[in-house]
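First comes the structure, then the notes that go with it.
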Amino acid sequence: MKNSYTNEKVVLSKYPSGIAKKENFSVIKENINNISENDLLIKTKFLGLDAALRLLIRDSDEFLFRVKENDILHGNIVGEVIESNNSDFQIGDYVVGSLGIQTYAISDGVGIEKVDTNFAPPEYWLGGMGIPGLTAYYALLDVCKPTVDKNVLITGAAGAVGSIAGQIAKICGSKVFGTTGSQEKCDWLVNELGYDYAFNYNDKDWFSKLKDASEGKLDIIFDNSGGEVMNQSLKIIGLNGIVLLCGSTSQYYEDEMKGPSNYIWLGTMRARLQGFVIFDYENRYNEARVNLGKWLKEDKIKMPNYIIESSIDAFPNAFEDLFSGKNFGKMILKLND
C-alpha cells in the first residue's frame, strides 16, 4: 500500500427513542495503513441514506443485521477504487455496495458490484439504478403487474422507491395515485414525474379525494409508508387486488409498531397482502438495469436524487431530515474532498 489514510466512520453512540437525533451518532477516526492480499481500498464518493436503517438501531434483537452501540452504521455507498490487490478490480473503478457509513472502505470484492456508467452516472447507482430502483422494478412488474385497466396507489410516493415506482406504473399504462406529506411534493409528483393524482396525507380530506379520483377502487396498493395512510387505503382495495408491503417508514421509529385495522377488506375483496424483499432477485439485477437505463436515456423515466454535498459529519442531521420529508427522491450525501 502506497499511502496511509484517515478513515472517518459514523457509529451508533446511543440507541434512539423516536426519530434518531444527532446525539445518537458519533464520528470516529481510524488509520488505514495497509490492505491484505485480494483486498481493495475504496474511497467513498456518495453515501445513501435509507429510512430502514432506523429498524436496525433499536435496542432489540428482533431484526436481522442489528447495529449495536459503538458499531458502524450500515449503509450503501458508491466509491472509487484507489488501491487494489484484487485482479477483478482496477484502480479507478467505481463500485457500489453495502460497505457502511465511512469515508474509506476495505473489501475483498464479495458483495460489491462495478458501476457501469454506460447505464447512468455513479450517484444514480444508489437511487434509480440501485436498490430503490430495482425494488420498484421487480415489485411492480413481477408481483403487482400493473396494466392499462388498473388503478395504482403508491404511498410514500416522493421517496426513493416511490418516485420510481409511480413512473414504472405509468409506463405500463396504469392510472397512478400517490400520497406524500406536502402540497409542494404533490405538485412535483404530478408535474415532474407524471402521476395522475397526488394527495397530501396531512390534509383532513385526503382519503375522500383519493376515493373520488379512483372511483372507489384501487387494484394495487404499493405501500412504502405503513401506518394510517396504508390502513385507510385498504377500505377501497379492489376485487382480487394486491397490497404490496415494500416499506413502513411511519413505523420505523415507533416503540410499538401498529398494523392495519382495516384488514377485513382484504378478505371481503379476495385481495392479498404480500411482503417483498429485493435480495430475492439478486441474480436478475442486470436485467432490470438494462431496461431502467434504456428508459432513462429515452426520457421515459426520471431518477430524482436529493443530494447534500458536505462532509461525513453531516450524516446524522441528514438522517433526521429524511424522516421530516425533506427529500425529493433518493437522499444522498456527496462527500466533498
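General remarks:
- Extension gain, E309 to S98: 0.36 nm times the residue separation minus the Cα-Cα distance gives 73.9 nm.
- Approximating the spin labels as points 7 Å out from Cα along Cα→Cβ, the K21-to-E37 distance works out to 5.1 nm.
- Taking other C-beta atoms within 10 Å as the exposure proxy, L53, L40 rank L53, L40 from fewest upward.
- Derived scalar couplings ³J(HN,Hα) [segment 255-265; Karplus, 6.51 cos²θ - 1.76 cosθ + 1.60; whole Hz; x for Gly, Pro]: 5, 10, 6, 10, x, x, 8, 8, 5, 4, 5
- Amide proton proximity set for F276, modelled H, under 5 Å, gap of 5+: L245
- Label-point gap, in nm, between N191 and T268 - each point 7 angstrom along Cα→Cβ: 3.8 nm
- Net length available on complete extension from V143 to E287 is 50.2 nm, with 0.36 nm assigned per residue and the Cα-Cα distance removed.
- Each Lys and Arg contributes +1 and each Asp and Glu -1, all at the Cβ; summed about the Cα centre of the chain, the dipole is approximately 860 debye.
- Note on segment 190-229 and segment 143-180: Cα centroid distance 10 Å, given to the nearest whole angstrom.
- Once both labels are positioned 7 Å from their Cα atoms along Cα-to-Cβ, the gap between S13 and D59 label points is 1.7 nm.
- The chain: calculated mean residue ellipticity at 222 nm from DSSP helix runs of at least 4, using -39500 (n - 2.57): -6000 deg cm²/dmol
- In this structure the amide hydrogen of V115, modeled in the peptide plane, comes within under 5 Å of the amide hydrogens of Y94, V95, V96, none closer than 5 places in sequence on its chain.
- The slack in the chain from I28 to R66, taken as 0.36 nm per residue of separation less the alpha-carbon distance, amounts to 11.7 nm.
- With both residues required to sit in the chain, DSSP beta bridges show an antiparallel share near 55%.
- Charge-dipole axis of the chain as Lys and Arg at +1 and Asp and Glu at -1 on Cβ define it, positive-most pick from T268, I278, G329: T268
Throughout, read-outs are computed from the coordinates displayed, never taken from laboratory work. Just so we're clear, the structure is a prediction, and the values are computed from it rather than from any experiment. A quick note on method: Cβ atoms are made from the backbone with ideal geometry, for glycine too, and the neighbour counts reach across all protein chains shown.
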